[in-house]
Amino acid sequence: MDWWFWPVFLFVFTLLIGIISPVSGVGGGVLYVPLATVLTPFNVDFIRGAGLIMAVVSALSSVPYLLRKGLANIRLFAVIAPIMVITSVLGGIVGLWVSNALPNGKYYVKLLLGIIILLVFLIMITSKRVEFPEVRDEDVDPWSRKLGIVGEWYEPSLDRIVQYKIKNLPVGMIMFGVIGFIAGMFGLGAGWANVPLLNLVMGAPIKVATATSMLIITANAPAIGIYLAKGAVLPVVVVPSILGITIGARIGAKIAEIIRPAFVRWLVIGVLFLAGVLNIIKGLEGLGYIPHII
Amino acid sequence: MEERKISVDPMALAFAKVMTVFTIIGIAVMVAPSIPYFMGYNQYISLQMASKYWNESTVNFWKHVKGITVHGYDWIFTNLEYTDCQSMIGVLLLMITPLLSMIAAIPKADQKAFKLLLLLAAIEFAVSMIVKGIL
């Protein structure tokens, strides 16, 4: 197949992901990396590099608006960023070391990626979202209280300003460290983990959790340096992917207003399950644990 | 009317302003040189050559395509006459955009703790990028 087919394929593929993301609430990176690993000839290193850049660019594009609306909480970001910057870089280093230094390393990465994706699948089908979690004054931990991590935004559906508080900050900080490592290692955006953690564990309203998650994803940006410094960023992969997801997300935001989100969400969750299983099978095939079946 | 009464953190406003500007610049700098690159002009890595080895690990890819081992950002900065390396400058700009946004937010912080936390995150961010460039 001629070389030009693959950038065109990536553009169309990421355009579709971009359209689906705002409709389903599933981040682009988490679909892109496992599917592109299975569907394209690019080595998993190049796919992870592009996946991470896609996740960061999507976040950079939406965060300024969310900050101005009061939805993304910069105080929470300031506490979490010093942890996530370090762990996402460590994750990137470990991911590239595994695929380059170990014999059959890329198959170990595919196997681990499949397992992580199935974990994401489980989180998505089991976690319940709480629109406005109740955080009583006595629930607020001393760190959040001392730092004054509170916020407010205007909620059109209620036609009033909603104020909120945060709880369990120390536990959240540890969990964000782990999430940063996984995000850096596999080139995934971490919205799938950030949102339930902020919403269910730390008591942020769902809109604040989603917006602050986007802000936190920008702290994964230094992990791009790992991929750049190892030559794992190629314009032929990155440019069509970024253009596709950027244009697709704009189309998707308009479609989201007219389509039934629940149906698309379940469709995406099904695709995610399939991608996880395919990566595990490819990893096990490459390592010789099972015969060649796909 | 009520929307106007929301008090937005001054740190957030400074952060948002810088992020908006540098994201636009970063995407433009990444995409513009890629157009001549895809048309075959002035390529550091020819697309025909790349397509033969892009299924290999990064180490093997560079060994086959350029006969080198890539460490750090030198491969970008020493080949800026080529369109694909120019495109990578856009990626670098996008990478440092959160760092610039954090730096812009520091003077607007109302508590010393937030000044220190943002400064710490910015230093970690910068150090990790520099270390990667040296290794």
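The values are calculated or read from the model by the stated rules, or taken from the named source; none is laboratory data. Quick caveat, the model's predicted, so the values are computed rather than measured. Every residue, glycine among them, receives a Cβ derived from its backbone with ideal geometry; neighbour counts consider all protein chains shown. Remember, those area values only see protein heavy atoms, side chains included, never the ligands or the DNA or RNA. Shrake-Rupley method; radii C 1.70, N 1.55, O 1.52, S 1.80 Å.
Pairing residues of region A:1-20 that are farther than 14 Å from A:Leu39 by Cβ and of a type in the set (A, V, I, L, M, F, W, C) with residues that are outside any helix (DSSP H, G or I) and open to solvent by less than 40 Å² (accessible area, probe 1.4 Å), at Cβ distances under 9 Å and at least 6 apart in sequence or on separate chains, gives A:Trp3/B:Trp54; A:Ile20/A:Val26. Taking the stated definitions as given, is A:Val38 over 30 Å from A:Ser144 (Cα atoms), assigned to a helix (DSSP H, G or I) and at pLDDT below 85? It is false that A:Val38 is over 30 Å from A:Ser144 (Cα atoms), assigned to a helix (DSSP H, G or I) and at pLDDT below 85. The residue that is nearest to the other protein chains (Cβ to nearest Cβ), among those in region B:60-105 that are over 18 Å from A:Asp45 (Cβ atoms) and charged (D, E, K, R), is B:Asp74.
Starting from residues that are open to solvent by 40 Å² or more (accessible area, probe 1.4 Å) and under 30 Å from A:Ile19 (Cα atoms), keep the ones in region A:282-294 and report whichever is modelled with the lowest pLDDT. Before you say what the answer is, go through the steps one by one.
So in region A:282-294, the residues open to solvent by 40 Å² or more (accessible area, probe 1.4 Å) come out as A:282, A:284, A:288-294.
Then drop every residue that is not under 30 Å from A:Ile19 (Cα atoms), which leaves A:282, A:294.
On the way: A:Lys282: 84, A:Ile294: 62.
So the residue we want is A:Ile294.
Mind listing just one residue for me: the one in region B:49-105 that is in a loop (DSSP other than H, G, I, E, B), of a type in the set (Gly, Ala, Ser) and free of Cβ contacts under 8 Å to residues at least 24 places away in the same chain and, of those, surrounded by the fewest Cβ atoms within 10 Å (Cβ to Cβ)?
Filtering region B:49-105 down to residues in a loop (DSSP other than H, G, I, E, B) leaves B:54-57, B:66-73, B:78-82.
Next cut, of a type in the set (Gly, Ala, Ser) only: B:57, B:67, B:72.
With free of Cβ contacts under 8 Å to residues at least 24 places away in the same chain added as a condition, the list becomes B:57, B:67.
On the way: B:Ser57: 22, B:Gly67: 7.
Filtering first and then ranking leaves B:Gly67.
Which of the following residues is within 14 Å of chain B (Cβ to nearest Cβ), open to solvent by less than 30 Å² (accessible area, probe 1.4 Å), closer than 30 Å to A:Gly49 by Cβ and not aliphatic (A, V, I, L, M): A:Gly191, A:Gly187?
Values: A:Gly191 fails: within 14 Å of chain B (Cβ to nearest Cβ).
A:Gly187 is the lone residue from the list that is within 14 Å of chain B (Cβ to nearest Cβ), open to solvent by less than 30 Å² (accessible area, probe 1.4 Å), closer than 30 Å to A:Gly49 by Cβ and not aliphatic (A, V, I, L, M).
The set of residues from region A:52-73 being outside any loop (DSSP other than H, G, I, E, B) and either more than 7 Å from every other protein chain (Cβ to nearest Cβ) or open to solvent by 30 Å² or more (accessible area, probe 1.4 Å) (or both) comprises A:Leu52, A:Met54, A:Ala55, A:Ser58, A:Ala59, A:Ser61, A:Ser62, A:Tyr65, A:Leu66, A:Arg68.
Could you list, in sequence order, the residues of region A:151-172 that are in contact (Cβ under 8 Å) with a residue 60 or more places away in the chain and either part of a loop (DSSP other than H, G, I, E, B) or over 30 Å from A:Asn279 (Cβ atoms) (or both)?
Filtering region A:151-172 down to residues in contact (Cβ under 8 Å) with a residue 60 or more places away in the chain leaves A:151-154, A:166, A:169, A:172.
Scanning region A:151-172 gives A:Gly151, A:Glu152, A:Trp153, A:Tyr154, A:Ile166, A:Leu169.
With A:Phe46, A:Phe5 as the choices, which residue is out of contact with any Ser or Thr (no Cβ under 6 Å at 6 or more places or on another chain) and farther than 20 Å from A:Ala183 by Cβ? Spell out how you get there, then give the answer.
Working: A:Phe46 fails: farther than 20 Å from A:Ala183 by Cβ.
Result of the check over A:Phe46, A:Phe5: A:Phe5.
Of all residues in region A:44-62, which are hydrophobic (A, V, I, L, M, F, W, C), closer than 19 Å to A:Ala81 by Cβ and at pLDDT below 90?
So the first thing to find is which residues in region A:44-62 are hydrophobic (A, V, I, L, M, F, W, C), and the list is A:44, A:46-47, A:50, A:52-57, A:59-60.
Remaining after also requiring closer than 19 Å to A:Ala81 by Cβ: A:52-53, A:55-57, A:59-60.
Within region A:44-62, A:Leu52, A:Ala55, A:Val56, A:Val57, A:Ala59, A:Leu60 qualify.
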